[in-house]
Structure formats: structure tokens, C-alpha cells
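Reviewing the structure listed below.
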Amino acid sequence: MKYGYFDDENREYVITNPKTPYPWINYLGNEDFFSLTSNTGGGYTFYKDAKFRRLTRYRYNNIPADNGGKYFYIKDGDTIWSPGWKPVKTELDHYECRHGMSYTKYKGSKNRVEAEVLQFIPLGFWGEIQKVRLKNSSSDRKKIKLFSFIEWCLWNAEDDMTNFQRNFSTGEVEVKDSVIYHKTEFKERRNHYAFYSVNSSITGYDTDRETFVGLYNGLDSPVVVSEGKSNNSIAHGWSPIASHYLEIELKPGEEKELIFMLGYVEVEKDNKWESKSVINKQPAQEMISSFDTAEKVNRAFENLKAYWDNLLGKMSIQSADPRLDRMVNIWNQYQCMVTFNMSRSASFFESGIGRGMGFRDSNQDLIGFVHQIPERARERIYDIASTQFEDGSCYHQYQPLTKKGNAAIGGNFNDDPLWLILSTTAYIKETGDFSLLDEMVPFDNDAARAKSHFEHLKASFYHVVNNLGPHKLPLIGRADWNDCLNLNCFSEDPNESFQTTENQKGGTAESLMIAGLFVVYGKEYIKLCKRVGKEKEAEEAQVHVYDMIEAVKKHGWDGDWYLRAYDFFGNKVGSSENEEGKIFIESQGWCTMAEIGKEDGMVEKSLNAVKEHLDCEYGIVLNYPAFTKYYIEYGEISTYPAGYKENGGVFCHNNPWIMIGETILGRGDRAYEYYTKIAPSFLEELSELHKVEPYVYCQMIAGKEAHKPGEAKNSWLSGTASWNFYAITQHILGISPEYDGLAINPCIPSAWDGFKMKRVFRDVTYNIHVKNPDHISKGIKQILVNGKEINSNIVPILEKGKEHSVEVIMG
Ligand code: GLC
Ligand code: GLC
């Protein structure tokens with residue numbers, strides 16, 4: 001069953017039934033100021049950091065789900081309704097929600113009154129606009145009452161959710177004209193406040209939650225709305241809110257537009273006050289006046305659209321399947337940008353108070369957006385590398401507001417450093433900007449300890465070399481990519497975190513996944529060294545990569561697939577000898593991408609084993625059989641019920657590693673089959689089971705051993721977005737940036753006649769047409785560039801600013 005449809009022309013997903021199986025959300029904002037918004041108006045807003053600068057409240061895991069947001073109430077005679085259906089939930093005569101590129105537009109109508117709300121954050125602006133359009137399509141004059149509603153968060157979202165003995169006494173507001181100002185803690189250490197305005201005079205307002213809602217009511221039936229009259233309440237402590245009350249008259253056929261703004265202001269420390277206890281409203285006034293008419297708002301909205309036209313114009317394809325085109329051209333690229341902005345901090349699953357930016361996560365995210373915003377990718381690499389230490393190790397996470405490593409989580413996830421080689425080489429290949437390597441980048445955020453970025457890469461590489469275990473394989477530390485494979489943890493205390501506890505110091509558990517990762521990015525490192533004339537360094541590094549390959553062949557092969565690890569005691573993990581968890585996806589992915597033992601048939605055997613043991617209807621599960629009891633020597637992985645999360649779930653992040661592996665063998669049919677199993681647009685019809693949005697990837701789909709296989713969780717913020725984008729565009733469609741040009745090497749389903757891709761690369765536009773007359777999966781007979789044959793599969797960098805045709809004949 002579907003709950004809407006794709007409108008590709010407008011780059012929107014249109015939800016036609018508000019009762020989606022889970023809140024289906026969207027992200028607004030592209031730079032500093034962000035909102036999350038659901039299809040029924042739920043969600044919240046923050047400035048830069050979802051933990052430290054939360055503007056509005058949100059209660060996760062609420063009853064009913066997704067309760068709380070930016071709400072509008074309409075009272076038309078005795079009927080009360082909301083244009084987004086919630087919170088009032090009066091049945092609407094018509095409902096539609098369009099999630100687009102950084103905007104959401106929802107619309108409801110009831111008794112011939114139509115209300116449409118367009119929400120977006122103008123570029124470069126620290127405020128969310130809500131343009132509300134009301135229309136009377138009846139033949140009678142209508143007098144309606146409109147109430148707005150938001151609930152302020154007292155800035156620090158974590159404190160706000162926990163520290164009630166203080167919070168209930170600190171809330172402060174001011175109201176002037178149609179603007180409600182939130183100034184909690186402004187008089188002490190905060191030089192910022194927020195406001196909620198409307199470009200019209202108001203009949204009343206409320207700022208005290210209990211006065212507006214009523215202590216025993218819910219947001220579906222606030223007492224003020226039922227009574228049709230606000231109380232002009234001023235909050236002193238408790239829970240400050242902002243609600244405007246407007247009386248609106250509409251003649252038959254008449255339409256009115258209102259501009260609401262939820263804004264954020266920072267003021268100079270010595271310019272905070274207008275007069276005693278009265279805040280300096282001038283910056284807010286300036287923001288409000290910059291968008292006080294519908295024309296100004298429309299212009300900003302057009303700018304936002306142009307911004308996305310430009311970003312999405314850098315790469316687009318035309319294939320025979322619209323489901324593929326809409327993933328590659330629209331939604332997957334969009335999701336990559338959102339994960340760039342948010343990392344794993346703020347979604348409807350991640351509360352925005354915990355995780356900040358992850359070292360490994362943010363490096364991997366980069367491969368999904370570097371072609372869109374290379375300058376910001378460069379800055380991101382710098383920020384990430386600044387949280388590294390001289391020995392190559394690093395903080396696992398950092399806070400976006402301070403850009404400092406998060407000491408509470410610490411480090412010792414031994415895969416972390418290597419991802420810096422991935423992001424850096426991806427950036428240089430996309431841009432040709434080798435100067436990044438000479439940039440002085442701090443260690444541990446200490447400018448006095450800065451070294452060139454190249455030295456950071458070297459430190460990353462040698463961190464593995466210097467941390468090998470008894471089989472000369474990489475030590476795993478707290479965990480590798482799989483946060484839940486905690487082989488040195490040995491936790492018996494339910495209050496301990498598996499991620500931050502390392503009970504067995506000096507553990508010698510080893511990871512085959514890091515081994516494969518090291519070979520892949522070790523080779524990249526060597527290639528880069530050679531490219532910048534560091535021949536000696538390349539030679540030395542080559543020895544270590546070679547040794548690693550040998551170590552995997554000798555100690556990492558189980559006969560039909562690669563082992564996953566050696567545990568603390570030196571026992572095999574992910575072996576046919578094990579009772580459970582006989583085979584794991586990560587080492588199959590990385591060791592095949594590294595092509596370890598390809599000449600001996602290891603790659604092929606491994607991928608065949610994946611098909612046989614790990615693949616299922618809904619994707620490739622992480623391990624099989626799933627663990628059914630707690631293995632203290634394995635850690636968190638064995639805590640999850642079988643078939644979920646890292647214990648036998650389809651962890652969508654790692655499926656593309658297998659797709660890429662399949663392309664190495666030239667098996668395009670299988671690679672694409674894996675792609676379509678988890679690509680959200682291909683699952684639209686399954687929405688009822690799948691539950692989460694059909695336009696974005698989720699982290700995990702319940703696997704074959706789960707209670708409900710196919711049910712998905714944790715959508716939006718996941719490395720799944722960038723890896724799937726990378727796999728489909730660079731390995732299946734096979735068009736990938738190289739230092740000296742665009743490499744062309746498709747591995748597609750044999751049934752395809754071909755496809756087209758437009759690719760803007762280093763300011764050159766390539767119109768690539770891949771033709772597949774012989775219906776094969778891999779292999780190129782001829783490449784013609786502007787009609788002339790070239791004898792390499794790397795299309796050189798051609799004249800900038802121009803369009804060039806590239807014709808590729810497979811065969
Ligand atoms: C989550 C984390 C990521 C980790 C993965 C597997 O997606 O964000 O860092 O690699 O889980 O445990
Ligand atoms: C849990 C999750 C994992 C996540 C980790 C860090 O272990 O299973 O996916 O990466 O927490 O938050």
C-alpha cells in the first residue's frame with residue numbers, strides 16, 4: 001500500500017494520507033539553522049547544534065507518536081481543525097503534504113476553507129518562515145480564528161529534558177506588537193534569544209503553556225482554542241510557548257497570506273538591552289522586515305529552488321527505470337546533503353543530544369556530497385582531522401558547535417583513522433585540489449601541534465601498522481565499523497556503555513574488516529604518495545599493504561569466506577566452526593573490495609557465500625545465524641534480538657560494500673539486484689510493512705531471522721545514503737572521478753540498453769551516453785569523446801565551462 005506518490009518534476013514526495021505508518025519527515029535548512037518537520041506539522045528547530053541551541057521542544061517516543069511541533073489551529077464556527085491534520089485530527093475534506101528540497105508544504109481543507117502552510121529556511125538566514133495561505137472557497141463570508149503554536153526549548157535540549165527543578169523556574173518571555181520573544185537565561189550568560197512573529201496585527205497571544213493548553217488537556221484540544229479566545233498570558237517559569245491569535249475575515253473566494261517567522265538572534269554582549277530588562281529587539285526587527293511580504297518570501301523560496309537546481313545539476317542520469325532516476329537525481333543526493341549537515345545528531349530517532357559528528361561517519365558521508373559542495377567538504381575534512389592525535393588515533397565524535405572532540409566517548413575505535421584517507425582522496429579526485437595536503441591541520445584541536453594534512457594521512461595509515469595483533473592483523477580496539485562488536489569489553493554491568501567500556505585492557509582481538517579496509521585505503525594512500533612524488537613513502541607503505549594481504553590469506557580465510565575477527569582469546573569469529581555468527585558481511589565486503597586472494601578464487605567464493613547465507617528478500621543481513629544468547633566476549637552485537645540491528649538485521653550501510661564487490665567480479669545483475677532490494681523508491685509499495693519514508697534510506701531493515709522481516713527503522717541519518725550513492729554512481733553506473741579525469745567502467749544489468757549521465761566535473765560538463773548493444777554487464781569496446789576515439793577509459797579534463805559528449809560502447 002502507498003501513502004502518496006513521487007512528483008519527480010517538482011522533486012517532491014506527495015503524501016496524500018496523513019496517517020502514514022510512521023511520521024514521514026523532512027529537513028529544512030542548509031547552513032546554520034535547521035528544522036525537522038513531519039507530514040503532520042510535528043518537529044523542532046535548532047541553531048547549529050541540536051543539543052546546545054535547541055529553539056523548540058520535541059518529546060521523542062511520545063504518545064501518540066510525533067506529538068508536538070509548529071501547529072496551527074483553525075476555529076471556523078464550532079469546527080476546530082489543523083491544516084496538517086494534527087494535532088486536532090479532525091477529518092479533513094482534503095489533505096496533502098509535499099516534502100521537497102529543504103521545504104515542506106502541507107495543505108488541508110475543511111468546510112470550504114483551505115489552509116496551506118509552506119515551511120522553509122531562506123538561504124543564509126537564521127529563521128524559519130511559515131507562509132500561511134487561507135482561502136475561502138465557499139459562497140459565504142467566513143470569519144475564522146487562527147491560532148499558532150510553538151513550545152520553546154530552554155536552549156540546552158538535554159538539560160531541558162531532565163533538569164526540572166531548575167527549568168520550571170527560569171522561563172522568561174517578552175511580547176511586543178505581534179512578536180513573542182523567548183529570553184530565558186538571556187540576562188545571564190546567553191547572548192542570544194529567539195522570537196516568533198507574524199506580519200499582521202493580532203487579537204491576542206499566549207506564552208504560558210498551561211494557560212493555552214489547560215493542565216488536563218492535550219495539544220489536540222487546547223482550552224484557548226476551544227474557547228476561541230486567547231488570554232494574553234505572560235510566562236514566568238514553567239513552560240513558555242508562543243501562540244498568536246488572529247481573527248480573519250474572508251469574502252467568498254478570497255485568499256489571504258500571512259508570514260510567520262521563528263527566528264534566532266545573537267547580540268553583542270554589551271548591546272543586549274534596550275532599557276532595563278527589555279531586550280534589544282533591533283536585530284529581530286531587521287529579520288522580520290526582510291520577509292514581511294509574500295513577495296519577499298516568494299523570492300527567497302525561488303532562491304532556494306535555484307540553489308537546489310544548481311546542486312542537483314552536477315550529476316543526473318536517465319535510465320529506463322524512473323525509480324532509479326529519482327533516487328540518483330533527487331532523493332539520494334538530497335539525503336547525502338542532510339547527513340552532511342546533521343551527521344547522526346538529530347532525527348526522529350536520534351534525539352540530537354548525544355552524538356555530534358562522528359569521525360568515521362562524517363568521513364564516509366563525504367563521498368556522497370563532495371561533488372555538490374567541495375568547499376564545504378574541504379572545511380569538513382579539516383574539522384575532522386583536527387580531532388586526530390599524533391599517533392593517528394582520534395576522538396570518535398566531536399561537537400559541531402565547538403568542533404572539539406567529545407571526551408565522554410573518547411576514542412580507540414581502530415577503523416576510525418583510515419576513513420580520513422577515503423574522504424581526502426575522494427575530495428582531491430573530485431576537485432584536483434592537492435593543496436589540501438599542505439594545509440596545516442592541528443592535532444587534538446591544538447594549533448601549536450599542527451602538521452600538514454598529509455602527515456595526518458600518514459598517521460592514519462601507520463596507526464594500523466603500529467597496532468597489529470598476534471596474527472599480524474589489525475587490533476580492533478573498542479570496535480571497528482561495527483560499533484557493537486566489542487571484543488575487549490566483557491561487560492556484566494547493565495549500566496555500562498558497550499562503546500565506552502574496555503574492561504580488558506591490552507586486548508588483542510583483531511579485525512578482518514579493518515584488514516580489508518587497510519588494504520583498500522592503503523592502496524589509495526600509496527597511489528596518492530606516488531601522485532605527489534613521495535616515491536619512498538609509497539615504497540615503504542607498499543610493504544605493509546603486502547604484509548596485510550599475506551596475513552589475511554594466511555589467517556583470515558575460513559575456506560569459503562573471510563573470517564570476521566579473532567576474539568580476546570584468539571578464537572575465530574565468523575567461522576563455519578562457530579555455532580552462531582558463522583559469517584559476517586563486513587569482512588566479505590572489505591576483503592573483496594581489497595581483492596585479497598582474488599587470483600585464488602577467494603573473492604568469488606566469498607561473494608557466493610554472501611548470496612547463500614546472508615541475502616534475503618529484504619537485503620543482505622549483517623551476520624548469520626544471528627546470536628540468540630549473550631556472548632560476553634562479543635559484546636553488544638549479541639544483545640540485540642535475532643534479526644535486528646547489528647545482530648542479523650539488514651544494515652543498509654554495508655550492503656553497498658557487497659554491491660561494489662560484485663562489480664569487481666563483473667556481476668552487474670547481482671549488484672543491481674542488491675541495490676534495488678534496499679533502495680527506498682523501490683520499496684514504496686511495501687510502505688505498510690517498511691514503515692519509514694519511501695524517499696530516503698534507513699539504517700536498518702529487520703532481517704530474515706527477525707520477528708517481522710522487512711520492517712525498517714532509523715531513517716535519514718545513516719552512512720547508508722552516501723555508500724549507496726557511491727555504489728550506484730561510481731561502481732554500477734561506473735563513472736568515477738580520478739586524479740586525471742573521469743574513469744568510465746560500468747557494471748550494469750545485462751538487460752539494460754544503456755543509460756545517460758550528465759556529470760559536471762571540474763567545471764566541465766560531460767554528457768555521457770553508455771550504450772550496451774551486446775547486453776553484457778561489464779567491458780568497454782570503444783569510447784568516443786566529442787566524436788573522437790580515445791584509447792583509455794579515463795576521459796581527460798576537457799575545456800572548462802563547455803559541454804562535451806562522451807559515447808561509451810560496451811562490448
Ligand atoms: C551506526 C553508526 C556507525 C556505525 C554503524 C554500525 O550507523 O553511526 O558509526 O559504523 O552504526 O555499528
Ligand atoms: C548502538 C547501535 C549502533 C550505534 C551505536 C552508537 O550500539 O546499535 O548502531 O552505532 O549504538 O551510538
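The values are calculated or read from the model by the stated rules, or taken from the named source; none is laboratory data. Not measured: the values here are computed from a predicted model. Cβ sites come from the backbone with ideal geometry, for glycine too, and all protein chains shown count toward neighbours. We work out accessible area using only protein heavy atoms, side chains counted, and drop any ligands, DNA or RNA first. Shrake-Rupley method; radii C 1.70, N 1.55, O 1.52, S 1.80 Å.
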Task: Charge dipole (the chain, unit charges on Cβ, about Cα centre) - positive-most of 707, 441, 409 - done: 441
Open item on the list: Please give the Cα centre distance for segment 315-369 versus segment 1-62, rounded to the nearest Å.
Closed with: 15 Å
Open item on the list: Report the gain in length on full extension from residue 310 to residue 79: 0.36 nm times residue separation, minus Cα-Cα distance, nm rounded to one decimal.
Closed with: 78.7 nm
Task: Protection proxy ranking, peptides 153-163, 324-334, average beta carbon neighbours within 10 Å, highest first - done: 324-334, 153-163
Open item on the list: Please list, by residue number, every one of the chymotrypsin sites (Phe, Trp or Tyr not before Pro) in segment 206-278 that is coil in DSSP and has at most 16 other beta-carbon atoms within 10 Å.
Closed with: 216, 238
- [ ] Pop out the ³J(HN,Hα) list for segment 33-40 in order, Karplus 6.51 cos²θ - 1.76 cosθ + 1.60 with θ = phi - 60°, rounded to Hz; leave Gly and Pro as x.
- [x] 10, 9, 9, 10, 9, 9, 5, 10
Task: lysines with Cα under 18 Å of residue 629, excluding same-chain neighbours fewer than 8 positions away - done: 572, 582, 645, 704
TODO: Could you pull out every residue, at least 5 positions away or on a different chain, whose amide H is within less than 5 Å of the one on residue 583? Hs are placed 1.01 Å off N in the peptide plane, and Pro or chain starts have none.
DONE: 624
TODO: Whole number in Å², please: accessible area per residue of segment 456-507, 1.4 Å probe, ligands, DNA and RNA not counted.
DONE: 39 Å²
Task: For residue 450, residues with placed amide H under 5 Å, excluding near neighbours - done: 443
Open item on the list: What does the extension gain come out to for residue 788 and residue 285, with contour length at 0.36 nm per residue minus their alpha carbon separation?
Closed with: 175.0 nm
Open item on the list: So for each of 533-543, 360-370, 451-461 I average, over its residues, the number of other beta carbons within 10 Å; can you give me the resulting order with the highest mean first?
Closed with: 360-370, 451-461, 533-543
Open item on the list: If you restrict to DSSP beta bridges whose two residues both lie in the chain, what percentage is antiparallel, to the nearest 5?
Closed with: 95 percent
Task: Given charges at beta-carbon only (K, R positive; D, E negative), |dipole| of the chain in Debye - done: 1460 debye
Task: Nearest-20 debye value, segment 116-248 charge dipole, Cβ charges on Lys, Arg, Asp, Glu - done: 540 debye
- [ ] Enter the accessible area per residue of segment 338-382 (Å², integer; probe 1.4 Å; all protein chains in place).
- [x] 22 Å²
Task: Length-normalised contact order for segment 176-294 - Cα pairs under 8 Å, 6+ apart - percent - done: 30 percent
TODO: Rounded to whole Hz and in sequence order, give me ³J(HN,Hα) for segment 619-626 from the Karplus expression 6.51 cos²θ - 1.76 cosθ + 1.60, θ = phi - 60°, writing x for Gly and Pro.
DONE: x, 9, 6, 6, 8, 7, x, 5
Task: the chain - percent of accessible surface contributed by carbon and sulfur, probe 1.4 Å - done: 46 percent
Open item on the list: Accessible area per residue for segment 83-192 in Å², computed with a 1.4 Å probe and the full protein assembly in place, what is it?
Closed with: 37 Å²
Task: J(HN,Hα) series, segment 713-722, from Karplus relation 6.51 cos²θ - 1.76 cosθ + 1.60, nearest Hz, glycine and proline x - done: 9, 6, 7, 6, 8, 7, x, 3, 4, 6
TODO: From largest accessible area down, sort 492, 379, 430; use a 1.4 Å probe on the protein chains.
DONE: 492, 379, 430
Open item on the list: Taking amide H atoms as placed 1.01 Å from N in the peptide plane, list the residues 5 or more away in sequence, or in a different chain, whose amide H sits under 5 Å from that of residue 208.
Closed with: 233, 235, 241
Open item on the list: Cβ neighbours within 10 Å, averaged per peptide: list 696-706, 790-800 in order, most packed at the top.
Closed with: 696-706, 790-800
TODO: Kindly state, to the nearest 0.05, the FRET efficiency for residue 251 paired with residue 294, given R0 = 25 Å and r defined as their beta-carbon distance.
DONE: 0.85
Task: Simple Cβ-charge dipole of segment 579-662, Lys/Arg +1 and Asp/Glu -1, about Cα centre, in debye nearest 20 - done: 160 debye
TODO: Give the residues of segment 24-57 whose amide nitrogen is closer than 19 Å to a point set 7 Å from the Cα of residue 1 in the direction of its Cβ.
DONE: 24-25, 39-40
Task: Cβ-Cβ FRET estimate between residue 112 and residue 738, R0 fixed at 45 Å, reported to 0.05 - done: 0.15
Task: Radius 15 Å from Cβ of residue 131, net charge of other residues (Lys, Arg +1; Asp, Glu -1) - done: +2
Open item on the list: Run lengths n ≥ 4 of DSSP H only: what is the helix-derived mean residue ellipticity at 222 nm for the chain, with -39500 (n - 2.57) per run over all residues, to the nearest 500?
Closed with: -7500 deg cm²/dmol
